[in-house]
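What follows is a single structure, written as structure tokens, with notes after it.
Since every read-out is calculated from the coordinates, none of them should be taken as a lab result. Bear in mind that the values here come from a model prediction, so they are computed numbers and not experimental data. Positions of Cβ are generated from backbone atoms using ideal geometry, with glycine treated the same way; all protein chains shown enter the neighbour counts.
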């Protein structure tokens, strides 16, 4: 990220809240952690934030009520709901209030980060998050969905581009299969898993002329973009 974004995190689970705050701050987000809805509302009225991450089930003021109150002050600020519930009614209620995204616990911190970045890209402009990655001789433009080696341009599909971006964001680290499937395909069922394998094969073909870049299988875990 080119600038540091300020984030309001409302989470009544003390351990989870502290873990999330430490992780987000390590990733460049200035994060204010509040243990309940009332404290979060007070923080919102006295500070300026770029995003809100709100737990739904909180004491004193629940996440939905808090979001409604926040929307009265700032109708446009992005809001992500965190909840242990998976009921469709809750999802519908969250989006009806104006949620930008909705994550059901348990979730990986990487998934939350990916969703935050997607919202920043959408609401703060295309330059807010890294758009171009250098993969050896290839320049990967996520906005144009292209691989360019200076002579030839390969146009990627949306799924290829999203998958390659996830790999780039986790370069030289394991990209877990389930995380990639839930992030891009939403569901980690068998058919989506097979589909992802096909896209990995396609990406390997696109990058085969660059010996310094390789997508390897990590048995039982996922994939790794080795650079």
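Just for the chain, what percent of DSSP beta bridges are antiparallel, to the closest 5?
DSSP beta bridges in the chain are roughly 50 percent antiparallel.
Return the single residue from 108, 212, 46 with maximal mean-square fluctuation; model: Gaussian network over the chain, springs between Cα atoms under 10 Å.
46
Taking Cα atoms, how many degrees apart are the long axis of helix 190-206 and the longest axis of the chain, rounded to 10 and kept between 0 and 90?
For 190-206 against the chain, the angle is about 50 degrees.
Nearest 0.05, what FRET efficiency do residue 118 and residue 60 give at R0 = 22 Å with Cβ-Cβ as r?
Efficiency, from the Cβ-Cβ distance: 0.15.
Based only on other Cβ atoms within 10 Å, what is the fewest-to-most ordering of 190, 5, 23?
The fewest-first ordering by Cβ neighbours comes to 190, 23, 5.
Starting from the 7 Å offset along Cα-to-Cβ, what nm value, one decimal, do you get for the label separation of residue 210 and residue 32?
Going from the residue 210 label point to the residue 32 one covers 4.2 nm.
For the chain, set up a Gaussian network in which alpha carbons nearer than 10 Å are linked by springs, and say which option among 14, 117, 160 fluctuates the most.
Among 14, 117, 160, the largest GNM mean-square fluctuation belongs to 14.
Computed from the mean reciprocal separation of all distinct C-alpha pairs, what Kirkwood hydrodynamic radius does the chain have, in Å?
About 18.9 Å for the chain.
Helix 63-73 sits at what angle to the longest principal axis of the chain, using alpha carbons and giving 0 to 90 degrees rounded to 10?
Rounded to the nearest ten degrees, it is 80.
Most mobile of 194, 177, 122 per a Gaussian network model of the chain (Cα springs, under 10 Å)?
Of the options given, 194 has the highest mean-square fluctuation.
Compute the angle between helix 37-46 and the longest alpha-carbon principal axis of the chain, please, reported from 0 to 90 degrees and rounded to the nearest 10.
80 degrees
Residue 131 label point, 7 Å along Cα→Cβ, cut-off 17 Å on backbone N: hits in the stretch 1-45?
Inside the label zone: 1-3.
Between residue 47 and residue 16, take the C-beta separation as r, use R0 = 25 Å, and let me know the FRET efficiency to the nearest 0.05.
So the FRET efficiency works out to roughly 0.70.
Fewest to most neighbouring Cβ within 10 Å: what's the order for 52, 34, 168?
168, 34, 52
Which residues in the stretch 211-227 place their backbone N less than 17 Å from a point set 7 Å from the Cα of residue 173 along the Cα-to-Cβ direction?
The answer is 216, 218, 221-227.
Give, to the nearest whole percent, the P(r) tail of the stretch 132-226 beyond 17 angstrom, counting all Cα pairs.
Counting every Cα pair in the stretch 132-226, those more than 17 Å apart make up 45 percent.
Could you calculate the FRET efficiency of residue 217 with residue 25 from 1/(1 + (r/R0)^6), where r is the beta carbon distance between them and R0 is 35 Å, rounded to 0.05?
After rounding, the FRET efficiency stands at 0.60.
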